[in-house]
Amino acid sequence: MLQDNDNFTRNLDWNLLKVFNEIVRARGITRAASAVSRKQPALSLALRRLEVRMSTLLCKRGAGGFELTNEGAAVAEACGQVMEIVRELPNIVAEASGQARGKLRMNLISNLICPTLDDAIAAFHHKFPRVEFIVSVVPWAQVVNALLRDEIDIGIGPSRRRRSELTYQLLFTEVHRPYCGPTHPLFGKHVDDPRDLRDEGFVLTGADEPDELTDFRVRYSLGTRVAGLTEHLEEARRLTMLGVGLCFLPDGYAAPDVAARRLWPLLPVDGAPQMDVFMIENPNASRRRAGLGFREELLKRSWSTPVSRCLVE
């Protein structure tokens with residue numbers, strides 16, 4: 001069997017695997033031909049040659065559309081792994097010479113304030129200046145979805161309900177408190193009981209609101225009177241500073257405005273909701289070298305940094 005495998009490897013036209021991978025990605029020969037700017041008969045012939053070489057039918061073609069056989073699905077998975085390795089070859093060569101490059105794909109929740117993360121990004125860029133950062137700010141649920149689809153290397157966000165397919169490393173705990181602007185009657189005052197705020201109008205942040213914060217609001221009947229609604233924390237902050245209503249904001253995000261007397265926190269830290277923020281990964285996804293390098297940089301700092309470092313008292 002080993003000899004047969006060796007003969008297969010030596011005699012295989014590797015371009016056939018590339019063509020098959022394109023057909024699978026396009027979900028059909030016609031669409032694949034358009035995607036790679038080649039004629040359909042040429043791709044059909046290449047597919048047939050690969051099937052003859054593999055001695056099996058890889059896909060069904062006909063009026064029912066394109067469908068992989070069980071054998072075709074197995075070969076398609078292997079082809080995807082081969083293509084990923086080939087795509088990484090320039091990065092492997094560059095890393096061997098001490099010049100790692102490639103893309104680091106990361107999704108974050110909005111307006112994240114964490115010196116540990118900032119330090120890791122700066123240190124990683126200093127070591128590997130040729131790596132391209134691709135950073136997207138998305139609602140926390142989309143962080144998880146992107147990881148499950150293998151679209152990103154690392155996600156940073158909260159996760160009360162953890163997925164068994166993913167791994168979680170605590171980075172810090174973020175405190176959310178209700179804030180008001182300088183024209184609000186409560187500016188400069190301290191409130192010990194959250195229930196005292198239940199008649200106040202609140203600016204809400206919709207789907208991007210963390211579960212822990214939603215639970216806290218419901219428990220104390222906060223936000224039943226809606227003064228404003230926006231999906232963007234920046235706009236919620238603006239409305240709050242203009243006196244439209246109260247709004248829960250992360251302490252780290254609000255700190256500069258508190259120092260400048262543009263915002264005022266109404267609850268003590270120990271009486272406010274807290275949200276754990278994690279570095280989230282998919283251990284079964286493609287392990288890109290840039291992602292692995294940044295992961296090590298971030299873990300090195302998160303393990304040696306007290307969680308409270310990212311809290312703003």
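General remarks:
- Difference of contour (0.36 nm per residue) and Cα-Cα distance, LYS60 to ALA260: 65.3 nm
- Across region 2-94, the relative contact order, built from alpha-carbon pairs under 8 Å that are at least six residues apart, equals 24 percent.
- Additional length obtainable on full extension of the chain from VAL52 to GLU151, 0.36 nm per residue less Cα span: 32.3 nm
- Cβ-based charge dipole, the chain, positive-most Cα from ALA141, VAL175, PRO185: ALA141
- 3J(HN,Hα) along region 259-271: 4, 8, 6, 9, 9, 9, x, 9, 10, x, 4, 6, x Hz, from the Karplus curve 6.51 cos²θ - 1.76 cosθ + 1.60 with θ = phi - 60°, whole Hz, x for Gly and Pro.
- Here the Gaussian network model covers the chain, with springs between Cα atoms less than 10 Å apart; of ILE152, ILE280, ILE134, ILE134 fluctuates the most.
- Under 19 Å from the Cα of LYS103 - lysines, other chains or at least 8 residues apart: LYS127
- Hull-based mean projected area of region 2-94, where the convex hull spans the alpha carbons, in square nanometres: 7.0 nm²
- Sequence-distant residues sharing a close amide H with LEU68 (under 5 Å, placed H): LYS60
- Other-chain or far-sequence residues with amide H under 5 Å of ASP276's (modelled H): GLU174
- The HN-Hα couplings worked out from phi for region 289-300 by the Karplus form 6.51 cos²θ - 1.76 cosθ + 1.60 (θ = phi - 60°) are 5, 4, x, 5, x, 5, 4, 4, 5, 6, 5, 4 Hz, whole numbers, x standing for Gly and Pro.
- Virtual spin-label span in nm between HIS125 and GLU296, 7 Å along Cα→Cβ: 2.1 nm
- Of all the options GLY28, GLY155, GLY291, the one that moves most in a Gaussian network model of the chain with Cα springs shorter than 10 angstrom is GLY28.
- Compared with the alpha-carbon gap, the fully stretched path from THR173 to PHE133 is longer by 11.9 nm at 0.36 nm per residue.
- Listed values for region 251-257 are Karplus-derived 3J(HN,Hα) couplings in whole Hz (6.51 cos²θ - 1.76 cosθ + 1.60, θ = phi - 60°), namely 4, x, 5, 7, 3, x, 6, and x replaces Gly and Pro.
- Each label was represented as a point 7 Å from its Cα along the Cα-to-Cβ direction; for THR224 and LYS189 these points are 1.9 nm apart.
- Ascending count of other beta-carbon atoms within 10 Å, so fewest first, for ASP153, ASP196, ASP6, ASP276: ASP6, ASP196, ASP276, ASP153
- Size of charge dipole - region 105-179 - debye, nearest 20, with Cβ of Lys, Arg +1 and Asp, Glu -1, no other charges: 240 debye
- Label point distance in nm, VAL36-ARG162, each placed 7 Å from Cα along Cα→Cβ: 4.2 nm
- Cβ-placed point charges (K, R +1; D, E -1), dipole of region 100-313 about Cα centre in debye, nearest 20: 660 debye
- Sequence-distant contacts, meaning Cα pairs under 8 Å at least 6 residues apart, place the relative contact order of region 100-313 at 34 percent.
FYI, it's all coordinate maths here, none of it is from the lab. None of the values given here were measured: they were computed from a predicted structure. Cβ coordinates were reconstructed from backbone atoms using ideal geometry, including for glycine residues, and neighbour counts include every protein chain displayed.
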